[in-house]
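**Student:** Pasting in a structure now, in C-alpha coordinates, and then I'll have a few things to ask.
The values are calculated or read from the model by the stated rules, or taken from the named source; none is laboratory data. Note that this is a predicted model, so its numbers are computed, not measured. Cβ atoms come from the backbone with ideal geometry, glycine included; neighbour counts cover every protein chain shown. We work out accessible area using only protein heavy atoms, side chains counted, and drop any ligands, DNA or RNA first. Shrake-Rupley method; radii C 1.70, N 1.55, O 1.52, S 1.80 Å.
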Amino acid sequence: MDTANHQQEFAAQEHGHRLALAPAHSRSGLRLVSTGLRLAEPVLAPDAAWADAFAQLTGWLDIAVEPVAANRTPGLQKVAAWARSAAGTVAAPQFAPWQPISPVALQNADNPDLPRADWAASYLFDHGQGSGQRVGALDLMLMSPHPARCEPGEDRAAPLPRLGIVEAMLRAARKEGRSRIAIIVPASQRNAAIKQLLMAGRSLTRDGVELEILAVEQALAGLLLPRPQWDALIVTPCLRSIVFAMLAQATGVAGPWPMLWHGARGLVLVASEVLSDARGRLPLDAAVMTQALALTMQHAGKTSAALRLHRASAQLRDSGVVTPSRGSPAPYVTEIDDAQFVQLVCSGSAASKRVVPHWRAMPESPPTVPTGDAARLTLVAANLSPSAF
(Lines give C-alpha, C1' and ligand atoms only; values in the text may rest on other atoms or scores of the structure.)
Protein backbone atom coordinates (compact mmCIF):
# COMPACT_ATOMS: atom_id res chain seq x y z
CA MET A 1 0.00 0.00 0.00
CA ASP A 2 1.32 3.42 -0.92
CA THR A 3 1.56 5.25 2.40
CA ALA A 4 1.96 8.57 0.59
CA ASN A 5 -1.58 8.31 -0.78
CA HIS A 6 -3.42 6.20 1.76
CA GLN A 7 -4.15 6.89 5.41
CA GLN A 8 -3.67 4.14 7.93
CA GLU A 9 -6.20 4.20 10.72
CA PHE A 10 -6.33 2.52 14.04
CA ALA A 11 -9.43 2.71 16.18
CA ALA A 12 -9.99 1.56 19.72
CA GLN A 13 -13.08 2.20 21.79
CA GLU A 14 -13.23 2.41 25.55
CA HIS A 15 -15.68 4.39 27.69
CA GLY A 16 -17.18 6.06 24.65
CA HIS A 17 -13.92 7.38 23.14
CA ARG A 18 -12.16 6.62 19.86
CA LEU A 19 -8.47 6.78 18.99
CA ALA A 20 -7.37 7.35 15.40
CA LEU A 21 -3.77 6.82 14.32
CA ALA A 22 -2.31 9.20 11.76
CA PRO A 23 -0.26 7.95 8.79
CA ALA A 24 3.37 7.31 9.43
CA HIS A 25 4.50 10.06 7.05
CA SER A 26 2.53 12.83 8.82
CA ARG A 27 3.82 14.87 11.69
CA SER A 28 3.03 13.13 14.95
CA GLY A 29 0.70 14.69 17.46
CA LEU A 30 -2.26 13.89 19.67
CA ARG A 31 -5.33 16.08 19.50
CA LEU A 32 -8.62 15.88 21.40
CA VAL A 33 -11.76 16.29 19.36
CA SER A 34 -15.05 16.56 21.22
CA THR A 35 -18.41 16.12 19.55
CA GLY A 36 -20.18 18.16 22.24
CA LEU A 37 -19.85 21.42 24.12
CA ARG A 38 -17.66 20.82 27.16
CA LEU A 39 -18.73 22.96 30.12
CA ALA A 40 -17.63 22.89 33.71
CA GLU A 41 -20.25 22.91 36.43
CA PRO A 42 -20.88 26.58 37.29
CA VAL A 43 -20.34 27.79 40.82
CA LEU A 44 -23.70 29.57 40.64
CA ALA A 45 -26.35 27.23 39.22
CA PRO A 46 -29.05 28.70 36.95
CA ASP A 47 -32.67 29.12 37.92
CA ALA A 48 -35.46 27.39 35.99
CA ALA A 49 -35.83 30.18 33.40
CA TRP A 50 -32.14 30.22 32.44
CA ALA A 51 -31.91 26.42 32.46
CA ASP A 52 -34.98 26.09 30.22
CA ALA A 53 -33.65 28.69 27.75
CA PHE A 54 -30.28 26.93 27.66
CA ALA A 55 -31.91 23.55 27.02
CA GLN A 56 -34.09 24.98 24.24
CA LEU A 57 -31.20 26.66 22.45
CA THR A 58 -28.77 23.74 22.64
CA GLY A 59 -31.55 21.34 21.58
CA TRP A 60 -32.45 23.52 18.59
CA LEU A 61 -28.78 23.75 17.62
CA ASP A 62 -28.34 19.99 18.11
CA ILE A 63 -25.43 20.62 20.48
CA ALA A 64 -24.80 17.98 23.12
CA VAL A 65 -23.49 19.36 26.39
CA GLU A 66 -20.66 17.41 27.98
CA PRO A 67 -20.53 18.26 31.68
CA VAL A 68 -17.06 18.09 33.16
CA ALA A 69 -16.98 16.54 36.60
CA ALA A 70 -14.38 17.35 39.21
CA ASN A 71 -13.14 13.76 39.44
CA ARG A 72 -12.50 11.95 36.18
CA THR A 73 -12.43 8.16 35.94
CA PRO A 74 -9.16 6.39 35.13
CA GLY A 75 -8.34 4.66 31.86
CA LEU A 76 -8.49 6.26 28.49
CA GLN A 77 -9.79 9.52 29.98
CA LYS A 78 -6.33 10.00 31.47
CA VAL A 79 -5.04 9.96 27.92
CA ALA A 80 -7.66 12.57 27.03
CA ALA A 81 -6.49 14.81 29.87
CA TRP A 82 -2.89 14.38 28.77
CA ALA A 83 -3.81 15.19 25.17
CA ARG A 84 -5.53 18.42 26.22
CA SER A 85 -2.52 19.40 28.27
CA ALA A 86 -0.11 18.57 25.48
CA ALA A 87 -2.12 20.56 22.98
CA GLY A 88 -2.16 23.55 25.30
CA THR A 89 -5.94 23.69 25.51
CA VAL A 90 -7.82 24.86 28.55
CA ALA A 91 -10.13 22.95 30.84
CA ALA A 92 -13.83 23.40 30.17
CA PRO A 93 -15.11 26.91 31.01
CA GLN A 94 -18.01 27.69 33.29
CA PHE A 95 -21.07 28.96 31.42
CA ALA A 96 -23.01 31.23 33.75
CA PRO A 97 -24.37 34.37 32.04
CA TRP A 98 -26.85 34.61 34.91
CA GLN A 99 -23.91 35.42 37.22
CA PRO A 100 -23.52 39.21 37.56
CA ILE A 101 -20.13 40.86 37.91
CA SER A 102 -19.96 44.58 38.55
CA PRO A 103 -17.12 46.63 37.03
CA VAL A 104 -16.71 48.14 40.49
CA ALA A 105 -15.47 44.72 41.64
CA LEU A 106 -12.36 45.15 39.49
CA GLN A 107 -11.09 47.87 41.81
CA ASN A 108 -10.15 45.24 44.40
CA ALA A 109 -7.67 42.52 43.43
CA ASP A 110 -8.75 40.35 46.36
CA ASN A 111 -12.48 40.57 45.60
CA PRO A 112 -13.93 37.04 45.95
CA ASP A 113 -16.48 37.80 43.21
CA LEU A 114 -13.71 37.79 40.61
CA PRO A 115 -12.67 34.50 39.00
CA ARG A 116 -9.12 33.28 38.74
CA ALA A 117 -8.25 34.67 35.35
CA ASP A 118 -5.90 37.06 33.57
CA TRP A 119 -8.27 39.43 31.80
CA ALA A 120 -11.90 39.99 30.88
CA ALA A 121 -13.74 41.09 27.74
CA SER A 122 -17.33 42.30 27.63
CA TYR A 123 -19.22 42.69 24.37
CA LEU A 124 -21.58 45.47 23.36
CA PHE A 125 -23.39 44.38 20.21
CA ASP A 126 -26.79 45.81 19.41
CA HIS A 127 -28.84 46.66 16.32
CA GLY A 128 -30.35 49.79 17.80
CA GLN A 129 -33.52 49.82 15.70
CA GLY A 130 -35.12 53.22 15.41
CA SER A 131 -32.18 55.18 16.83
CA GLY A 132 -31.94 58.47 14.97
CA GLN A 133 -28.67 59.32 16.71
CA ARG A 134 -26.82 56.18 15.64
CA VAL A 135 -26.18 54.77 12.20
CA GLY A 136 -25.37 51.07 12.11
CA ALA A 137 -25.01 48.48 14.82
CA LEU A 138 -22.99 48.84 17.99
CA ASP A 139 -19.96 46.56 18.05
CA LEU A 140 -17.49 47.16 20.87
CA MET A 141 -15.13 44.92 22.82
CA LEU A 142 -14.36 46.25 26.33
CA MET A 143 -11.31 44.63 27.91
CA SER A 144 -9.54 44.96 31.25
CA PRO A 145 -6.83 42.99 33.04
CA HIS A 146 -7.64 41.23 36.26
CA PRO A 147 -6.50 43.65 39.00
CA ALA A 148 -4.25 40.92 40.41
CA ARG A 149 -2.39 40.93 37.07
CA CYS A 150 -1.40 44.58 37.45
CA GLU A 151 1.77 45.97 39.00
CA PRO A 152 2.36 49.33 40.71
CA GLY A 153 3.84 51.97 38.45
CA GLU A 154 6.66 54.35 39.15
CA ASP A 155 6.39 56.65 42.15
CA ARG A 156 3.49 54.64 43.53
CA ALA A 157 1.31 55.52 40.58
CA ALA A 158 -1.80 53.54 39.71
CA PRO A 159 -1.04 49.91 38.79
CA LEU A 160 -0.60 48.96 35.13
CA PRO A 161 -1.26 45.53 33.61
CA ARG A 162 1.73 43.33 32.94
CA LEU A 163 3.06 43.49 29.40
CA GLY A 164 2.07 39.89 28.66
CA ILE A 165 -1.56 40.61 29.62
CA VAL A 166 -1.65 43.71 27.39
CA GLU A 167 -0.30 41.64 24.51
CA ALA A 168 -2.94 38.94 25.10
CA MET A 169 -5.73 41.53 24.95
CA LEU A 170 -4.29 43.10 21.80
CA ARG A 171 -4.04 39.68 20.16
CA ALA A 172 -7.68 38.97 21.00
CA ALA A 173 -8.78 42.27 19.46
CA ARG A 174 -6.66 41.70 16.35
CA LYS A 175 -8.03 38.17 15.98
CA GLU A 176 -11.54 39.59 15.75
CA GLY A 177 -10.44 42.13 13.15
CA ARG A 178 -10.70 45.13 15.47
CA SER A 179 -8.30 47.79 14.24
CA ARG A 180 -9.36 50.96 16.07
CA ILE A 181 -8.16 50.36 19.61
CA ALA A 182 -7.78 52.72 22.56
CA ILE A 183 -5.99 52.03 25.84
CA ILE A 184 -7.46 54.17 28.63
CA VAL A 185 -5.34 54.74 31.73
CA PRO A 186 -5.13 57.29 34.56
CA ALA A 187 -3.42 60.48 33.41
CA SER A 188 -0.49 59.83 35.75
CA GLN A 189 0.22 56.51 34.00
CA ARG A 190 -0.09 57.55 30.37
CA ASN A 191 3.65 57.97 29.78
CA ALA A 192 4.39 54.67 31.53
CA ALA A 193 1.77 52.94 29.37
CA ILE A 194 3.36 54.38 26.22
CA LYS A 195 6.78 53.11 27.29
CA GLN A 196 5.30 49.70 28.05
CA LEU A 197 3.62 49.46 24.67
CA LEU A 198 6.90 50.21 22.90
CA MET A 199 8.13 46.87 24.26
CA ALA A 200 5.14 44.96 22.86
CA GLY A 201 5.34 42.88 19.70
CA ARG A 202 5.43 45.07 16.62
CA SER A 203 2.85 42.93 14.84
CA LEU A 204 0.33 43.84 17.55
CA THR A 205 0.81 47.59 17.39
CA ARG A 206 1.35 48.17 13.68
CA ASP A 207 0.10 46.73 10.40
CA GLY A 208 -3.15 48.63 9.99
CA VAL A 209 -3.95 49.18 13.67
CA GLU A 210 -5.04 52.62 14.87
CA LEU A 211 -3.88 52.52 18.48
CA GLU A 212 -4.29 55.35 20.97
CA ILE A 213 -3.20 55.60 24.59
CA LEU A 214 -5.44 58.09 26.35
CA ALA A 215 -6.05 59.46 29.79
CA VAL A 216 -9.70 59.04 30.72
CA GLU A 217 -10.19 62.80 30.46
CA GLN A 218 -8.99 62.68 26.84
CA ALA A 219 -11.35 59.80 26.04
CA LEU A 220 -14.51 61.46 27.37
CA ALA A 221 -15.66 62.91 24.04
CA GLY A 222 -15.37 59.55 22.29
CA LEU A 223 -17.04 57.64 25.12
CA LEU A 224 -20.10 59.87 25.18
CA LEU A 225 -21.00 59.35 21.53
CA PRO A 226 -24.12 57.28 20.74
CA ARG A 227 -21.80 55.08 18.71
CA PRO A 228 -18.24 54.79 20.15
CA GLN A 229 -15.47 55.70 17.74
CA TRP A 230 -13.39 52.63 18.63
CA ASP A 231 -13.72 48.90 17.89
CA ALA A 232 -12.07 47.87 21.14
CA LEU A 233 -11.11 49.46 24.44
CA ILE A 234 -8.52 48.32 26.96
CA VAL A 235 -9.25 49.98 30.30
CA THR A 236 -7.33 49.72 33.55
CA PRO A 237 -9.39 48.12 36.35
CA CYS A 238 -9.66 51.30 38.42
CA LEU A 239 -11.37 53.12 35.52
CA ARG A 240 -13.60 50.34 34.22
CA SER A 241 -16.72 51.26 36.18
CA ILE A 242 -16.55 54.87 34.94
CA VAL A 243 -16.03 53.83 31.33
CA PHE A 244 -18.76 51.17 31.50
CA ALA A 245 -21.24 53.65 32.99
CA MET A 246 -20.53 56.24 30.30
CA LEU A 247 -20.88 53.69 27.49
CA ALA A 248 -24.14 52.34 28.90
CA GLN A 249 -25.58 55.84 29.20
CA ALA A 250 -24.42 57.05 25.78
CA THR A 251 -25.47 53.97 23.82
CA GLY A 252 -28.70 53.28 25.68
CA VAL A 253 -27.69 49.66 26.39
CA ALA A 254 -27.79 49.75 30.17
CA GLY A 255 -28.66 46.07 30.66
CA PRO A 256 -26.17 43.23 31.13
CA TRP A 257 -23.37 42.60 28.62
CA PRO A 258 -21.89 39.11 28.12
CA MET A 259 -18.54 39.00 29.93
CA LEU A 260 -15.82 36.47 29.12
CA TRP A 261 -12.90 35.82 31.48
CA HIS A 262 -9.70 34.43 29.99
CA GLY A 263 -6.76 32.68 31.56
CA ALA A 264 -3.32 31.80 30.24
CA ARG A 265 -4.75 28.78 28.40
CA GLY A 266 -8.13 29.96 27.26
CA LEU A 267 -11.67 30.74 28.33
CA VAL A 268 -12.37 30.38 32.06
CA LEU A 269 -15.83 31.82 32.76
CA VAL A 270 -18.76 33.28 30.82
CA ALA A 271 -20.72 35.66 33.04
CA SER A 272 -22.49 39.04 32.65
CA GLU A 273 -21.29 42.53 33.43
CA VAL A 274 -23.80 44.83 35.09
CA LEU A 275 -23.30 48.30 36.51
CA SER A 276 -25.23 47.68 39.72
CA ASP A 277 -23.70 45.66 42.51
CA ALA A 278 -26.23 42.88 41.99
CA ARG A 279 -26.11 39.68 43.99
CA GLY A 280 -27.56 36.28 43.23
CA ARG A 281 -28.82 35.48 39.74
CA LEU A 282 -29.87 37.92 37.08
CA PRO A 283 -33.35 37.53 35.59
CA LEU A 284 -33.34 35.77 32.22
CA ASP A 285 -32.01 38.08 29.52
CA ALA A 286 -32.46 36.70 26.01
CA ALA A 287 -29.92 39.02 24.39
CA VAL A 288 -27.21 38.06 26.86
CA MET A 289 -28.17 34.38 26.70
CA THR A 290 -27.94 34.13 22.92
CA GLN A 291 -24.81 36.25 22.64
CA ALA A 292 -23.02 34.48 25.50
CA LEU A 293 -23.84 31.05 24.10
CA ALA A 294 -22.73 32.08 20.59
CA LEU A 295 -19.44 33.38 21.98
CA THR A 296 -18.90 30.21 24.02
CA MET A 297 -19.52 27.97 21.01
CA GLN A 298 -17.24 30.10 18.86
CA HIS A 299 -14.42 29.68 21.41
CA ALA A 300 -15.14 25.93 21.46
CA GLY A 301 -14.69 25.74 17.68
CA LYS A 302 -18.40 25.27 16.91
CA THR A 303 -18.51 28.14 14.47
CA SER A 304 -21.46 26.97 12.37
CA ALA A 305 -23.72 26.65 15.41
CA ALA A 306 -22.51 29.98 16.79
CA LEU A 307 -23.28 31.74 13.51
CA ARG A 308 -26.68 30.09 13.24
CA LEU A 309 -27.66 31.28 16.72
CA HIS A 310 -26.32 34.79 16.18
CA ARG A 311 -28.08 35.22 12.84
CA ALA A 312 -31.40 33.86 14.09
CA SER A 313 -31.39 36.20 17.08
CA ALA A 314 -30.29 39.20 15.01
CA GLN A 315 -32.90 38.55 12.30
CA LEU A 316 -35.62 38.30 14.92
CA ARG A 317 -34.64 41.69 16.32
CA ASP A 318 -34.43 43.06 12.80
CA SER A 319 -38.04 41.94 12.35
CA GLY A 320 -39.01 44.35 15.12
CA VAL A 321 -39.12 41.93 18.05
CA VAL A 322 -37.39 43.32 21.14
CA THR A 323 -37.07 42.53 24.85
CA PRO A 324 -37.25 44.79 27.92
CA SER A 325 -33.46 45.12 28.36
CA ARG A 326 -32.85 45.66 24.62
CA GLY A 327 -35.79 47.78 23.58
CA SER A 328 -36.14 50.33 20.78
CA PRO A 329 -37.83 53.73 20.31
CA ALA A 330 -39.00 52.69 16.83
CA PRO A 331 -42.81 52.68 16.42
CA TYR A 332 -42.98 49.33 14.65
CA VAL A 333 -41.41 47.13 17.34
CA THR A 334 -43.14 44.48 19.44
CA GLU A 335 -41.78 43.96 22.94
CA ILE A 336 -42.05 40.45 24.36
CA ASP A 337 -40.57 38.80 27.42
CA ASP A 338 -37.21 37.08 27.25
CA ALA A 339 -38.56 33.52 27.47
CA GLN A 340 -40.80 34.17 24.45
CA PHE A 341 -37.86 35.62 22.52
CA VAL A 342 -35.87 32.41 23.05
CA GLN A 343 -38.87 30.35 21.91
CA LEU A 344 -39.17 32.42 18.73
CA VAL A 345 -35.45 32.03 17.99
CA CYS A 346 -35.78 28.26 18.25
CA SER A 347 -38.92 28.20 16.12
CA GLY A 348 -37.28 30.08 13.26
CA SER A 349 -39.91 32.80 13.41
CA ALA A 350 -37.69 35.66 12.19
CA ALA A 351 -39.44 37.37 9.30
CA SER A 352 -36.49 39.52 8.24
CA LYS A 353 -34.38 38.10 5.44
CA ARG A 354 -32.00 41.04 5.24
CA VAL A 355 -28.31 40.49 5.83
CA VAL A 356 -27.65 40.94 9.53
CA PRO A 357 -24.93 43.34 10.64
CA HIS A 358 -21.59 41.61 10.97
CA TRP A 359 -20.47 41.03 14.56
CA ARG A 360 -16.69 41.07 14.72
CA ALA A 361 -16.74 38.43 17.46
CA MET A 362 -18.09 36.00 14.85
CA PRO A 363 -16.54 35.09 11.48
CA GLU A 364 -18.53 36.19 8.44
CA SER A 365 -18.90 32.55 7.34
CA PRO A 366 -18.08 29.08 8.72
CA PRO A 367 -14.47 28.05 8.13
CA THR A 368 -13.78 25.66 5.29
CA VAL A 369 -11.83 22.50 6.01
CA PRO A 370 -8.51 22.76 4.17
CA THR A 371 -7.50 19.85 1.98
CA GLY A 372 -4.17 18.17 2.13
CA ASP A 373 -3.60 18.77 5.83
CA ALA A 374 -1.43 16.21 7.56
CA ALA A 375 -3.54 13.87 9.65
CA ARG A 376 -2.66 13.28 13.26
CA LEU A 377 -3.48 10.90 16.04
CA THR A 378 -6.88 12.04 17.25
CA LEU A 379 -8.91 11.22 20.34
CA VAL A 380 -12.61 11.70 19.72
CA ALA A 381 -15.04 11.99 22.61
CA ALA A 382 -18.33 10.27 21.76
CA ASN A 383 -21.35 8.62 23.36
CA LEU A 384 -21.15 10.83 26.42
CA SER A 385 -24.43 11.45 28.17
CA PRO A 386 -25.53 14.96 27.19
CA SER A 387 -26.81 17.00 30.04
CA ALA A 388 -28.26 20.47 30.27
CA PHE A 389 -27.86 22.23 33.57
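**Student:** Starting from 0.36 nm per residue, how many nanometres of slack lie between Ala264 and Ala200 once their C-alpha separation is accounted for?
**Tutor:** 21.3 nm
**Student:** Mind listing the long-range amide H neighbours of Leu214? Cut-off is under 5 Å, sequence gap 5 or more, other chains count too, H placed in the peptide plane at 1.01 Å from N.
**Tutor:** Ile183, Ile184, Val185
**Student:** Let me ask something additional. Skipping prolines and chain starts, which residues have an amide H placed within reach, meaning under 5 Å, of the one on Met259, given they are 5 or more residues away or on another chain?
**Tutor:** Ala271, Ser272, Glu273
**Student:** Grab the other residues whose beta carbon is less than 15 angstrom from that of Arg279, score K and R as +1, D and E as -1, and report the net.
**Tutor:** After counting each charged neighbour, the total is -3.
**Student:** Taking H as built 1.01 Å from N, whose amide H comes closer than 5 Å to the amide H of Leu37, not counting residues under 5 places away?
**Tutor:** Residues meeting the criterion, in which the H sits 1.01 Å from N, are Ala64, Val65, Glu66.
**Student:** Give me the accessible area per residue for the stretch 153-209, probe 1.4 Å, as a whole number in Å².
**Tutor:** 55 Å²
**Student:** Under the Karplus relation 6.51 cos²θ - 1.76 cosθ + 1.60, θ = phi - 60°, what is the ordered set of whole-Hz ³J(HN,Hα) values for the stretch 356-365, x standing for Gly and Pro?
**Tutor:** The phi angles translate into 6, x, 6, 9, 4, 5, 10, x, 6, 8 Hz.
**Student:** Given just the C-alpha atoms of the stretch 230-276, how large is their convex hull per residue in cubic angstrom?
**Tutor:** Value for the stretch 230-276: 100 Å³ per residue.
**Student:** Quick one: what are the phi-derived ³J(HN,Hα) couplings along the stretch 282-299, Karplus 6.51/-1.76/1.60 with θ = phi - 60°, whole Hz, x for glycine and proline?
**Tutor:** Along the stretch 282-299, the couplings run 6, x, 3, 10, 5, 4, 5, 4, 5, 5, 5, 5, 4, 5, 5, 5, 4, 5 Hz.
**Student:** Give me the mean projected area, in nm² to one decimal, of the convex hull enclosing the Cα positions of the stretch 189-235.
**Tutor:** 3.7 nm²
**Student:** May I pose another question? So which aspartates and glutamates can Lys175 reach, going by Cα to Cα under 16 Å and dropping same-chain residues fewer than 8 places off?
**Tutor:** Output for Lys175: Asp139, Glu167, Asp207, Glu210, Asp231, Glu364.
**Student:** Report the gain in length on full extension from His358 to Ala215: 0.36 nm times residue separation, minus Cα-Cα distance, nm rounded to one decimal.
**Tutor:** Gain on extension, His358 to Ala215, equals 48.5 nm.
**Student:** Take every Cα pair under 8 Å in the stretch 185-275 that's 6+ residues apart, average their separations, divide by the length, and report that relative contact order as a whole percent.
**Tutor:** That works out to 22 percent.
**Student:** Report the net charge of residues surrounding Tyr332, where surrounding means a beta-carbon distance below 13 angstrom and charges are Lys +1, Arg +1, Asp -1, Glu -1.
**Tutor:** Around Tyr332, the surrounding residues sum to -1.
**Student:** Here's a follow-up. Is the C-alpha gyration tensor of the stretch 269-367 telling us rounded, prolate or oblate? Criteria: a/c under 1.5 is rounded; beyond that, a/b larger than b/c is prolate, otherwise oblate.
**Tutor:** oblate
**Student:** May I pose another question? Could you check the simple spin-label distance between Ala187 and Val68, using points 7 Å along Cα→Cβ, in nm with one decimal?
**Tutor:** 4.5 nm
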